[in-house]
Structures are given as C-alpha cells and as structure tokens.
Amino acid sequence: MRAVIFLSIAVIGIIIGAASYYIGYMRGDSYGYDEGYNTGVIDGAGTGYELRDPTYSELQRFIEEDNTDKNEYVEGIYSCSDFAASLNNNAVQLGYNAAYVYIAYPDGSGHAINAFQTVDKGIIFIEPQYDDEVQLTIGSSYSEQNGYQASDHDDNIIRYVLVW
C-alpha cells in the first residue's frame, strides 16, 4: 500500500513539474516574442529612427536645401557612391526613407544615385551630384535619357538595384 501511495505522489509530482515547466515555457516564450516584436518592429528595430516616405514637395525642398551636390568629385576618393551615400544619410537624419541605387552598365562599371518613394508621385530617382530628378530605363543610355554629356563608355543600363 505504501508503494502505491509513494508511486502516486511521485507521478503527481512529475505531472505538476511538467505542467509548470510547460506553462512557464509558454508564458516566457510568448512574453519574449511580444516584447521583441514591440521593441524591434514597432519601435523601429532599435535604430532610433522613425522613417517615412516624403511627399513630392517635401522631397523637392529637401533636395534644394541639402548640400551634397556642393561636394567635390575626386576620382578614386569621393565619387558617385559617396555622393549617393551622403544624400541617403542626410535624408535619414531628417526622417525620410531613402534608397541607395546601384546602376550596372555592360562593361562591368556602374553608377550610384538615390531613390525616394514619395507618397503622392511614386518612386523618384535623384542624381545626387547635380540634384537632378532622373529617369532609369533598362536598355537606355543613362546620360542620353537624362540630358547629360555623353559618357566615354557604354552607359546603357542593364539593371539597377535599390537598397532601402
């Protein structure tokens, strides 16, 4: 009889322990997920930034006031990628979502510009060296379609990539 009572107490203890573990695990998992989601996704993935897409007029005003185009182009030191990175960083500092855009040409070379998803006019591409609004068309010459001096290489766009 004592063995049955001892065995019953042991089984009940195991069941209670397993149930406690399971309930604790589930609550902890749920709490951790909720806290991680609220902190990471809702609060901006820990960046401290709350970025938004600008209106077209806000974009125009930002481009006009930004001084990135005043920087000097220096081959191998400060080039198109630096202009695009600078404009992108300045937009983020003001709370605007901006994309770094890499344009690929047939000879393996490329170019970098920026893009903004405006809330009222869609995606707008910006040439940060000149503050120009530009067009990108696969198979077309970047310089010709945007009114720039002809390039010394084949600048027909074979693809472009937006990095948000």
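Only the coordinates and a few stated rules stand behind these numbers; no lab work does. All figures in this text were calculated on a predicted structure; none of them were measured in a lab.
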Relative compactness, segment 56-163, computed as alpha-carbon Rg over 2.2 N^0.38 Å
1.03
Whole-Hz ³J(HN,Hα) for each residue in segment 158-164, computed from phi via Karplus 6.51 cos²θ - 1.76 cosθ + 1.60 with θ = phi - 60°, x for glycine and proline: what do you get?
9, 5, 8, 10, 9, 10, 8
